[in-house]
Amino acid sequence: MTTTAKTPDRLTAEERRKLPASAFGIPETREFPLVDAAHIRAAEAYFRYAPDDRKAALARRILARARELGVDVQSRTIRGWGGEM
């Protein structure tokens, strides 16, 4: 039997199901949850894996949610895709 330790940037399946689509960076596929600072940082780290056709909208959502939570997004890539460069 394996056990998975819960880390700050991981949601359980139940927690994820309870979130509204608007809580995700890509709401249509419910990817990149942006619920807290740890998830903002995780989205920043995994941004390169997002589909190219969704990156601009994802970057804008990451930046907007980061502003709401007072998280400083360091990624020049995300800031560029989000129109802040």
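The values are calculated or read from the model by the stated rules, or taken from the named source; none is laboratory data. Quick caveat: nothing in here was measured; it's all calculated off a predicted structure. Backbone-built Cβ (ideal geometry, glycine too); neighbour counts: all protein chains shown.
Scanning the stretch 18-47 for residues that are among the small types (Gly, Ala, Ser) and either closer than 23 Å to Met85 by Cα or surrounded by 15 or more Cβ atoms within 10 Å (Cβ to Cβ) (or both) yields Ala23, Gly25, Ala37, Ala42, Ala43, Ala45.
The residue of the stretch 48-85 that is surrounded by the fewest Cβ atoms within 10 Å (Cβ to Cβ), among those that are in contact (Cβ under 8 Å) with a residue 12 or more places away in the chain, over 13 Å from Phe24 (Cα atoms) and of a type in the set (A, V, I, L, M, F, W, C), is Leu69.
In the stretch 45-59, how many residues are of a type outside the set (Ser, Thr, Tyr) and in contact with a strand residue (DSSP E or B) (Cβ under 9 Å, 6 or more places away or on another chain)? So the count comes out to 7. Scanning the stretch 26-42 finds no residues that are within 11 Å of Arg61 (Cβ to Cβ), at pLDDT 95 or above and either touching a Cys at 6+ places or on another chain (Cβ under 9 Å) or of a type in the set (Gly, Ala, Ser) (or both).
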